[in-house]
Amino acid sequence: MSPAEGQGGLRDSGSDSYDRFIGRYSKPLAVALVDAAGIERDMRALDVGCGPGALTVELARRLGPGSVGAVDPSDTFVEACAQRNPGVDVRVGPAEALPFSPGSFDAALMQLVLNFVDDPYASVAEVRRVVRPGGTVAACVWDDDGGVRMLRLFWEAAVAVDPCAAGENKVMRFGHDGEIGDLFREAGLSDVATGSLEVQAAYVDFDDLWNPFVEWAGPVGQFCRSLDPERLAAIREQLRMRVGAPAGSFTLPARAWYATGRV
């Protein structure tokens, strides 16, 4: 699957597994998205598709838990988000039918969500409904052209061992520059701005990178577990060499595309 393997359709994978796999990139991405959205004190903000709460944590840190709402269709992620963010109003619900009143928020943010919702246009319409006039809407999606290096290197390693693995890496919606901005404009948002968010994640050692691939309940993990031990070991070695055969800690970069707009 693409670098967008971070959220949305993979709701049953569990918050701990998510954190070890792509979630370690979500925390710095949340900081970058909140900055891009211009979130300031005394605002009330909603995290749409909150997952286990990486963005919720950053919003609550800046605004206070009582000024933050969060929503996700997964009971498991809602429970995890609520545990991590005491005092935040966390509810179960899809992006297409947000369980909040019109004009309840000054801003609504969607981190790594748009490429997984059933109806992105209905989702943005719902976000517009719950944000007051003049309020801010922001969203981001991983760059689908290899923007998450750890996933790009994994699939390069997999294809080097088995060329048929290329078919496992699916193209996702809104993973290219400007696509979220186009959606926002079509949905009637004004003052739309777009750009990229660059982040990094740290690994203790190579096993800290490799083990979550095999443990992850999403498509990458399913692909790994479908392989015989010999091919899996070959992919592991290919990936280790592509990362630079690290003897200790290292970091890898990731890039997301974002857009902001006004209601």
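Miscellaneous remarks
- Look at (1) within 28 Å of residue 123 (Cβ to Cβ); (2) touching a Gly at 6+ places or on another chain (Cβ under 9 Å); (3) surrounded by 17 or more Cβ atoms within 10 Å (Cβ to Cβ) and you find that residue 199 fails only one, number (2).
- Those residues of the range 113-164 which are modelled with pLDDT under 95 and under 21 Å from residue 44 (Cα atoms), in sequence order: 113
- Extreme residue, modelled with the lowest pLDDT, among residues of the range 219-231 that are within 15 Å of residue 154 (Cβ to Cβ) and surrounded by fewer than 19 Cβ atoms within 10 Å (Cβ to Cβ): 219
- Screening residue 35 with (1) crowded, with 18+ Cβ neighbours inside 10 Å; (2) closer than 18 Å to residue 136 by Cα gives one miss only, at (1).
- Restricting the range 207-263 to residues that are among the charged types (D, E, K, R) and outside any helix (DSSP H, G or I), the residue that is farthest from the chain's Cα centre (by Cα): 228
- Considering 77, 105, the condition of being hydrophobic (A, V, I, L, M, F, W, C) and modelled with pLDDT under 95 is satisfied by 77 alone.
- Residues of the range 117-150 that are under 24 Å from residue 194 (Cα atoms) and aliphatic (A, V, I, L, M): 117, 122, 124, 125, 127, 130, 131, 137, 138, 139, 141, 148.
- If you go through the range 20-56 and keep only what is assigned to a loop (DSSP other than H, G, I, E, B), at pLDDT 95 or above and touching a Phe, Trp or Tyr at 6+ places or on another chain (Cβ under 6 Å), you end up with just 44.
- Contact map, the range 244-257: residues that are surrounded by 11 or more Cβ atoms within 10 Å (Cβ to Cβ) paired with residues that are of a type in the set (Asp, Glu) and part of a strand (DSSP E or B), Cβ distance under 9 Å, separation 6+ or inter-chain. Pairs shown: 253/198; 254/198; 255/198; 256/198.
Yes/no matrix, rows are residues, columns are (1) surrounded by fewer than 22 Cβ atoms within 10 Å (Cβ to Cβ); (2) over 16 Å from residue 56 (Cα atoms); (3) hydrophobic (A, V, I, L, M, F, W, C); (4) in contact with a helix residue (DSSP H, G or I) (Cβ under 7 Å, 6 or more places away or on another chain):
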| position | (1), (2), (3), (4) |
| --- | --- |
| 80 | no, no, yes, yes |
| 83 | yes, no, no, no |
| 104 | yes, yes, no, yes |
| 109 | no, no, yes, yes |
| 124 | no, yes, yes, yes |
| 137 | no, no, yes, yes |
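- Some residue of the range 202-209 being free of Cβ contacts under 8 Å to residues at least 40 places away in the same chain, buried (at least 19 other Cβ atoms within 10 Å of the Cβ) and farther than 15 Å from residue 257 by Cα: no
- Qualifying residue in the range 142-157 (condition: more than 24 Å from residue 50 (Cβ to Cβ) and without any contact (Cβ under 8 Å) to a residue 40 or more places away in the chain): yes
- For the range 85-102, the candidate set comprises residues that are aliphatic (A, V, I, L, M) and surrounded by 20 or more Cβ atoms within 10 Å (Cβ to Cβ); within that set, the residue that is nearest to residue 197 (Cα to Cα) is 95.
- Residue check, residue 68 modelled with pLDDT of 95 or more, more than 18 Å from the chain's Cα centre (by Cα) and buried (at least 20 other Cβ atoms within 10 Å of the Cβ): yes
- Test result for residue 125, touching a residue at least 12 places away in the same chain (Cβ under 8 Å) and assigned to a helix (DSSP H, G or I): yes
The values are calculated or read from the model by the stated rules, or taken from the named source; none is laboratory data. Treat the numbers as computed from the prediction; the structure is a model and nothing was measured. Heads up, the Cβs are rebuilt from the backbone with ideal geometry, glycines too, and the neighbour counts pull from every protein chain shown.
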